[in-house]
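Student: Provided herewith is a single structure, encoded as structure tokens, for subsequent inquiry.
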Amino acid sequence: MDVQSDIRTGDTRAIARAITWIENADARGAALVHDIYRQTGRAYIVGITGSPGSGKSTLIARMAALLAAGGAKVGILAVDPSSPFSGGALLGDRIRMFDISLTHDVYMRSMGTRGSLGGLNRSTRMATRILDAAGFDWILIETVGAGQSEVDVHDVAYTTVVVLAPGMGDDIQAMKAGIMEIGDAFVINKADREGADRTLNQVESILHLSAAEGWNPPVLKVSAEQNAGVDELVAVIARHRVHLEEDGELDRIKVRMARLDVVEILKERLTDTMNTELERAATQAELEKVATRETDPYTVADMIVDKIWRGR
Amino acid sequence: MDEKERLAQIRSAGAAWQEKADKVSVGKTCKAYADCATVSGIDVKLLYTPEDVGEMDYMRDLGFPGEYPFTRGYQPTMYRGRLWTMRQYAGFATVEESNRRYKYLLGQGQTGLSIAFDLPTQLGLDADHPLADGEVGKVGVSVSSLADMEVLFDGIPLDQVSTSMTINAPAAVLLAMYIAVARRNGIGADKLNGTIQNDILKEYSARGTYIFPPTPSMRIINDIFAYCSKEVPNWNTISISGYHMREAGCTAVQEVAFTLADGIAYVDAAIKAGLNVDDFAQRLSFFFNAHNNLLEEVAKFRAARRMWARIMKERFQAQNPKSLMLRFHTQTAGSTLTSQQVDNNVVRVTLQALAAVLGGTQSLHTNSRDEALSLPTEESVRIALRTQQILGYESGVADTVDPLAGSYYVESLTNRIEKEAWKYIQKIDDLGGAVKAVENGYVQREIQNSAYAYQMSVESGERVVVGANKFQLLGKPLKNVTRIDSSLSSQRRAELEALKARRDNARVEHVLAGVKAAAGGTENLMPAIIGAVDAYATLGEICGVLRSVYGEYRPDASF
Amino acid sequence: MEEKIRVLVAKPGLDGHDRGAKVLARALMEAGMEVIYSGIRRTPEQIAEVAVQEDVDVVMLSCLSGAHNTLFPRVVDLLRQKGGGDILVLGGGIIPEDDMPFLKEHGIQEVFYPGAPIKATIQYVRDNVHKEKHS
């Protein structure tokens, strides 16, 4: 398998393998991104976040089906929490979109958080570049849905959709701080159930407080299960895209994200270097001195930084 | 000496005894001495005394058999009047083969038939559907149209037998076929006896053969209740089943609680649909599992009977005493069978069957020893039936009603199971009832957690499974197994093709439009479905129309 | 970074008995693997496509209805067609001993009988995953 050329033709097996390399921090993953990065930047990336039980997976399956029916190629990255104890994960998003790949031109990949916080996997960003290079028009990213720390998706997606279900009024209060600010559209899913209007009003009144010039995030009632209102959501996303494109905001976002691409790799590289340095016998000896209070952590940290920068 | 003094005396003597027992046991017995519990996690004491049932009021809590609250049995004479019905669930791949078997069984004096359908039939798919590939005739008989049903019951006097059909999501269609076959033989629906399982809620929570979402499914069930209360008055319109939830891993307490909660949901729905509780309640029947812990199982059956009587009387204000009676079928626990040393399963089945009989079951299916390996062989099926006959005719357990009543342990356990089960029912009420609790995955999660805990205790060896994780033998499993011919699929395809060529297809289109109209409207579905099967519209076509109106259920939560 | 074993636990066919599959999925997760559970009533086509998309190392098929001889080999064939021939395929459920040679001939590497200890199953997966694909 020639992963690089097969990715350009959109070969499923090659895409899947490339994402595995990225997830496993396999050197072949880095080499691949190096080769394909020039072909990226075309896909439109949408993040979908919200509490567990709000029906994100079903909603994404419906969105993907709708977009694919219009002739688009759709990629989905769905992140589920990894167990902090075993490191394993039950990747449960797939169960709600199990048959989508046979009926539509959709690629879907489940990812465990593998220790990352913020609702994504640290490889999600580069995985979107892989899909982008493979010619996907839309990339839908589903976050873990743990609640309050889901703001990372804003650094990966151009449009962020926040999904709620009726009766989640209390969650909204809790989310006010973070998630309410990053939502470009809000969905009250399972709108056929009791309490949808009340939740809708709660969200609208919170948003009303921060209404401003430019884009004011719409609040939509959707029933993904009954496939009602999904077309409106897709239309809102398209409108938001046009809005971003028209005033040059999308270009500014892309510059920010390019920077984040670099930052992410830098972080990884620096972490690796740091870990290597920490493993050295000489460093170990210094660490022991911190423990016995012969020295202090600042001195040792500065010493390590010094060594990393000057030592090469 | 009055009651209080008597109890005080027992208490002080008991404390002294406990002290001695502790001394004797320290360091000698296993950890079970300090810490022993039933499968449901109910702690079990070393000894039970009158103190443990001190609160019990005989007339309030036990009463007499055939009388409220029916703890001691639903019927005054129980097995002295007539033994339980030995009803072995069986399915043979083709309608011809099944028909021959039913006739043989009837010739041997059996009066009850129990029909197992294959999975395509249970899911409303015709035998020629692509998804049916590999599944046709595997776990039961394949029925796709009235033509199949005519052969299945050919020469069987439907007014003289009672027929139990394990069919749920498409129960309305199979019942319609049964009624149509009877009619063609000049037998009115009012002369028919039998049961359809028709319990969709446990399909969502445990068994998996659902088709439509809960709301239309409940509507179809109501239509069956309403239709049968007028037209098929002797038919048991539902068999509310804890069996499959237990098989999926729940505990005895959860089995009682979830089953009765489902029962409450059906009664609620029927009342909401405008039915009078006493018009349908006496046609409700139940289906429980008989698992390994003999005395916990006996207590479970007794607790379930008492709880249902209280639910019907207090919650639903049913007036007819028959509406308060919980009648149930029991099957031994398939999940306890081991593939290792299969003959051990005969012993397990015997103990489980004993629990069902001591618990007062109305009918019983005993599993065959080799069912963990494949469909059972004829010899295994015979041993399973003989097990029931030995219990009934040789053991003496059928000679007196509810023989374990008054056992300090069994009564205490009965009370405890009832108490714990009410907690679950309260929780389900708080969630908005059983339909909601299934929709949001609560029941499924509870079952899965119990299943996982059970499995882990087996894995760790804490729970002993003889022959599997202790006392193993090195050796091959039983080889003599039953298998179903895979060429059946193509035979069934040809039959359906021929049927579609010879029937009046214009009429079929017309009757299917009738089903569609009824499904979209509010009139009772049953007449339209009976009309459709009568015109030889197939099961798959009728369910296809219903699918187009109602959609298909997709589970929301999995873990 | 440590490589994770990725597993698809799948139920092909119409069989709804998923107790074993779910218990297994959870046990694999507790053993540190990333597990996708298919849910019930999946077709071999869906299972093979998902296995390839998710780049799993192992597909574990569970069937208690007796349709395994039809369904399991089809999953293997489709995996090969989709370039996933290196994925380890295992089976479980109510499978007569007599069928095991047939299934093994058709690419199901191992078949676990009912009641097989989960610990042993997990160890089997660890020992037999096609590690070369990552190396």
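Just so you know, all these numbers are worked out from the coordinates, no wet-lab data involved. Quick caveat: nothing in here was measured; it's all calculated off a predicted structure. Every residue, glycine among them, receives a Cβ derived from its backbone with ideal geometry; neighbour counts consider all protein chains shown.
Student: Please give the FRET efficiency for A:Arg28 paired with A:Asp251, using the beta carbon to beta carbon distance and R0 = 41 Å, rounded to the nearest 0.05.
Tutor: The pair A:Arg28/A:Asp251 has a calculated efficiency of 0.85.
Student: Assign unit charges at the C-beta atoms only (+1 for Lys and Arg, -1 for Asp and Glu), then state the dipole size of chain B relative to its Cα centre in Debye, rounded to the nearest 20.
Tutor: The calculation lands at about 540 debye.
Student: Here is a further query. Take B:Ser229, B:Ser490 and order them by how many other Cβ atoms sit within 10 Å, fewest up front.
Tutor: B:Ser490, B:Ser229
Student: What is the Cα centroid distance between segment A:281-312 and segment B:153-199, reported in whole angstrom?
Tutor: Result: 84 Å between the Cα centres.
Student: Classify segment C:6-130: rounded, prolate or oblate, from the alpha-carbon gyration tensor (a ≥ b ≥ c, eigenvalue square roots; a/c under 1.5 rounded; otherwise prolate if a/b is larger than b/c)?
Tutor: rounded
Student: Let me ask something else about it. Given a Förster distance of 51 angstrom, what is the FRET efficiency for A:Ala69 paired with B:Ile390, based on the Cβ-Cβ distance and rounded to 0.05?
Tutor: My answer for the efficiency is 0.20.
Student: Then there is this: Past the 30 Å Cα-Cα mark, which pairs from B:Lys419/C:Lys11; A:Lys73/A:Lys190; B:Lys103/C:Lys11?
Tutor: From B:Lys419/C:Lys11; A:Lys73/A:Lys190; B:Lys103/C:Lys11, over 30 Å: B:Lys419/C:Lys11; B:Lys103/C:Lys11.
Student: Now for a separate question. Mark the label point 7 Å from the Cα of B:Asp429 along Cα→Cβ and return the residues of segment B:302-322 whose backbone N is within less than 16 Å of it.
Tutor: B:307-318
Student: Give, rounded to the nearest 20 debye, the magnitude of the charge dipole that chain A has about its Cα centre when Lys and Arg contribute +1 at Cβ and Asp and Glu contribute -1 at Cβ.
Tutor: Rounded to the nearest 20 debye, it is 540 debye.
Student: With a/c under 1.5 counting as rounded, go ahead and sort segment C:53-124 into rounded, prolate or oblate using the C-alpha gyration tensor (a ≥ b ≥ c being the square roots of the eigenvalues; past the cut-off, prolate if a/b is larger than b/c, else oblate).
Tutor: Oblate, since a/c reaches 1.5 and b/c is not below a/b.
Student: Here's a follow-up. Can you tell me, using C-alpha contacts under 8 Å and at least 6 residues apart, the relative contact order of chain B as a whole percent?
Tutor: The value is 18 percent.
Student: Go ahead and run the numbers for FRET between C:Gln81 and B:Asp22, Cβ-Cβ distance against an R0 of 60 Å, rounding to 0.05.
Tutor: Efficiency at R0 = 60 Å is approximately 0.30.
Student: Mind jotting down the distance between the C-alpha centroids of segment C:79-123 and segment B:302-338, whole Å?
Tutor: 42
Student: Could I ask something else about it? Between A:Ala228 and B:Asp504, how many nm apart are label points set 7 Å from Cα along the C-beta direction?
Tutor: Result for the modelled spin labels: 4.0 nm.
Student: Roughly speaking, what is the stretch gain from B:Asp343 to B:Ala517, that is 0.36 nm per residue apart minus the C-alpha to C-alpha distance, in nm to one decimal?
Tutor: Roughly 57.2 nm would be gained on extension.
Student: For the pair B:Glu462 and B:Ile10, how long in nm is the line joining their label points, each one 7 Å along Cα→Cβ?
Tutor: Distance between the two pseudo-spin positions: 3.2 nm.
Student: How would you rank B:Glu314, B:Glu255, A:Glu245, going from fewest to most other Cβ atoms within 10 Å of each one's own Cβ?
Tutor: Fewest-to-most Cβ neighbours within 10 Å comes out as B:Glu314, A:Glu245, B:Glu255.
Student: Okay, next question. Can you tell me what share of the DSSP beta bridges in segment A:41-247 is antiparallel? A percent to the nearest 5 is fine.
Tutor: The answer is about 5 percent antiparallel.
Student: Over what distance in Å are the Cα centres of segment A:252-268 and segment A:80-107 separated?
Tutor: When both Cα centres are located, 27 Å separates them.
Student: Moving on to the next point. Show that you can apply the helix-only estimate: for chain A, add -39,500 (n - 2.57) for every DSSP H stretch of four or more residues, divide by all residues, and state [θ] at 222 nm to the nearest 500.
Tutor: Per the formula, -15500 deg cm²/dmol.
Student: In degrees between 0 and 90, to the nearest 10, how far off the longest principal axis of chain B does helix B:488-502 point, with axes built from Cα atoms?
Tutor: 40
Student: What does the structure give for B:442-450 when I average, per residue, the other chain Cβ atoms found within 10 Å of the residue Cβ?
Tutor: 1
Student: Another question about this same structure. Please figure out what share of the DSSP beta bridges in the protein assembly as shown is antiparallel and state it in percent, rounded to the nearest 5.
Tutor: Taking every DSSP beta bridge within the protein assembly as shown, about 5 percent pair in antiparallel fashion.
Student: For peptide A:8-20, compute the average count of partner chain beta-carbon atoms within 10 Å of each residue's beta-carbon.
Tutor: Rounded to a whole number, the mean comes out at 4.
Student: Over segment C:6-130, calculate the relative contact order: mean separation of alpha carbon pairs under 8 Å at least 6 apart, over the residue count, as a percent.
Tutor: For segment C:6-130, the relative contact order is 26 percent.
Student: If the chain between B:Leu351 and B:Asn449 were fully stretched, how many nm would it gain, using 0.36 nm times the residue separation less the Cα-Cα distance?
Tutor: That pair, B:Leu351 and B:Asn449, stretches by 32.7 nm at full extension.
Student: Could you check the spin-label model distance between B:Lys322 and A:Arg38? Points 7 Å from the Cα along Cα→Cβ, value in nm.
Tutor: Distance between the two pseudo-spin positions: 8.5 nm.
Student: Partner chain Cβ atoms within 10 Å, averaged over the residues of C:104-113 - can you pull that number for me?
Tutor: Going residue by residue through C:104-113 and averaging, the value is 1.
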